[in-house]
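What follows is a set of notes on a single structure, which appears directly below.
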Amino acid sequence: MAALAATPVTVVPESTQQAVGYPSLFLLVLIGALVPVVPTGALVSSAAVVAVHRAAPFSLALVFVTASLAAFLGDLALYWLGRRGMKSKNGSRWLEAIRARAPEDRLEQARTKLADHGVAVLVLSRLMPAGRLPVMLACLIAQWPVRRFVRGNLPACLAWAATYQLIGILGGSLFREPWEGVVAAITLTVLISAVPGVWRRLRGAAR
């Protein structure tokens, strides 16, 4: 026990944590945009909680820039791959992945709203749980060029990153320990993402 007590505790420098943390956040959000199984909103909120408890300046700004840039590039890559699938006779696995996560009723709603309101629907799609892929597929079906998609998707990613970062800031401010804020932020983001599915099941049962 005395030997253990005498052993110095190695503390990872904050600069090293940041050098690992921001690239990891970027990579995970990018993968989550391409393969929509990673809870990217929870990742951004958790990173914001940690940033709140850091003394380093610009931590929150770096979280925002990293998350929004990764989301934007991931969406752009997925849309480009989807366009290639639409032009191919055999489609593509990326296009099939988008279609698999865009139920017919949600797709029809997205197509109607997109026809009526245009780019504004794309901007709001990332703020709506499970709204991103149906609207993206509607844009693909409507044959939107990449430039038009970018015009709506850039503010959508900025608004998305800001929203989930605010959830993290709230969690980090309410709790003294960072892990408590992370748990609270993850719980809230999971509940938000689960609401549409529960609502659809309830409506289906009522019918």
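The values are calculated or read from the model by the stated rules, or taken from the named source; none is laboratory data. Every value quoted in this text rests on a predicted model; they were computed, and no experiment measured them. Here Cβ is always computed from backbone atoms with ideal geometry, including for glycine, and neighbour counts include all displayed protein chains. The area values use the complete protein model at the heavy-atom level, side chains included, leaving out ligands, DNA and RNA. Shrake-Rupley method; radii C 1.70, N 1.55, O 1.52, S 1.80 Å.
Suppose accessible area is computed on protein heavy atoms with a 1.4 Å probe; arrange Asp105, Asp75, Asp116 from highest to lowest.
Asp116, Asp105, Asp75
Loop-located trypsin sites (Lys or Arg not before Pro) across region 112-182 with a Cβ neighbour count of 14 or fewer within 10 Å are Arg176, with loop assigned by DSSP. For region 27-161, what Kirkwood radius comes out of the mean inverse Cα-Cα distance, in Å? Every distinct Cα pair counted, the radius reaches 15.3 Å.
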